[in-house]
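Structure, as C-alpha cells:
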Amino acid sequence: MTEALQARCQALGERAVLLDFPGASAGLELQQRLWRLRERLLAAGDVVIDCVPGMGNLSWVFDPDRLNGDKACARLMQLWQAELERPAPALQSGRLVEIPVHYGGEAGPDLAGVARHHGLPPREVVRLHSQAEYRVFFLGFLPGFAYLDGLPAALHTPRLATPRTAVPAGSVGIGGAQTGVYPCASPGGWQLIGRTALCLFNAEARPPTLLQPGDRLRFVVERCDD
C-alpha cells in the first residue's frame, strides 16, 4: 500500500499548503495515516494555525510570519516520509453511531428514482443502504457533514442533473459513490432517499459535531414509505 502513497505538496496561497496523492484512491490506510500526520503537526506548536484532513489529502494552515510555503512543503514532505516508515496504523474499531432514518415518501423523494436507476425495488435500496457499515473519513462542505466510506457499489448513483436550492436538515442522500446526511438546510444535488431527526451539528455543544473522523456509522430503518 505504501508504494502507492507517493505524495506531492503545493501552495494554497501564502499561508497554507496541500498534501495530496495524484492517482491514488482514498482508502482507510491513507486516511488513518493522514489523521496520524495531523496529530504530529498539531503537536508542532504555534506555527500551526489549523490542519484539515480531506478525502485523501491534508491542508496545513501555518503562521506566515514564521514559515513560508517552500519551507512548509519541505517540512510536510519530510513528516510524510517519516510516516511511511512507520507500520501501517492498526484498524481501530471506532465509535459506532446509529442514525435512525425515515426512508422514502416526503422524507426521501428520490428513493423511487434511485431504485429505478438500479432496477431494484425501493425496499431493496433501503436494505442495502441500511445493512452497510460506514466509516467517517472527514468532515467538510457543511459543519458536521461527514464524508463516508462504505456505500455498496450497487447503490452508486449520479447526482441530480439540477441541484435543489434547498435540502432539509437531516436529509440522507446519495451522490456518486458517497452517501451522507445534510446536518443543516442547504442547497444540494444528492439523491434524497430519507431523513433523520437526529441532530448532527450543534454550535453550543462540545464538540459541536456528532460525528468525528474514524467513527463507524450505521443507518437504522425507522420507517419506510415506498
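Under 16 Å from a point 7 Å along the Cα-to-Cβ line of Q131: which residues of region 155-188 have their amide N that close? Of the residues in region 155-188, 155-156 have backbone N under 16 Å from the label point off Q131. In a DSSP loop and with at most 16 other Cβ atoms within 10 Å, the GluC sites (Glu not before Pro) in region 55-102 are E85. Counting every other Cβ atom within 10 Å of each residue's Cβ, S171, S130, S25, S59 order from fewest to most as S25, S59, S130, S171.
Look at the dipole of the chain built from charges on Cβ: of L139, L96, T162, the Cα furthest out on the positive end belongs to L96. The chymotrypsin sites (Phe, Trp or Tyr not before Pro) of region 145-226 include none that DSSP puts in a loop with a beta carbon having at most 10 other beta carbons within 10 Å. Report the paramagnetic label zone for A153: residues of region 26-48 whose backbone N is under 18 Å from a point 7 Å from Cα along the Cα-to-Cβ axis. Within reach of a label on A153: 26-28. Relative to the longest principal axis of the Cα atoms of the chain, the long axis of helix 122-131 lies at roughly 40 degrees. Between the beta carbons of A161 and S59, assuming R0 = 45 Å, the FRET efficiency works out to 0.90 to the nearest 0.05.
Only alpha carbons enter this Debye calculation for the chain, each as an equal point scatterer, and the log10 of I(q)/I(0) it gives at q = 0.12, 0.16 Å⁻¹ is -0.72, -1.10.
Tell me the angle of helix 28-42 to the major Cα principal axis of the chain, expressed in degrees between 0 and 90 and rounded to the nearest ten. Roughly 50 degrees between the two axes. On the beta carbon distance between R218 and E106, with R0 = 22 Å, the FRET formula returns roughly 0.40. For I99, I49, I174, I193, the sequence from fewest to most other C-beta atoms within 10 Å is I49, I99, I174, I193. Among D46, D226, sorting on how many other beta-carbon atoms sit within 10 Å of each Cβ, with the fewest leading, yields D46, D226. Looking at region 96-225, the DSSP beta bridges with both ends there are about 70 percent antiparallel. Enclosing the Cα atoms of region 2-84 in their convex hull gives a volume equal to 76 cubic angstrom per residue. Under the simplified labelling scheme, the Q78-R66 pair shows an inter-label distance of 1.5 nm, with each label point 7 Å from Cα along Cα→Cβ.
Checking every one of the trypsin sites (Lys or Arg not before Pro) in region 91-187 against DSSP loop status and a limit of 15 other Cβ atoms within 10 Å picks out R95, R159. Restricting attention to the chain, close to 80% of DSSP beta bridges with both partner residues there are antiparallel. Taking each DSSP H run with n ≥ 4 as -39500 (n - 2.57) and averaging over every residue of the chain yields -7000 deg cm²/dmol at 222 nm.
Bear in mind these aren't lab numbers, they're just calculated from the coordinates by the rules spelled out. This one's a predicted model, so the numbers in the text were calculated from it and none came from an experiment. As a convention, Cβ positions derive from the backbone with ideal geometry for all residues, glycine included, and neighbour counts pool all protein chains shown.
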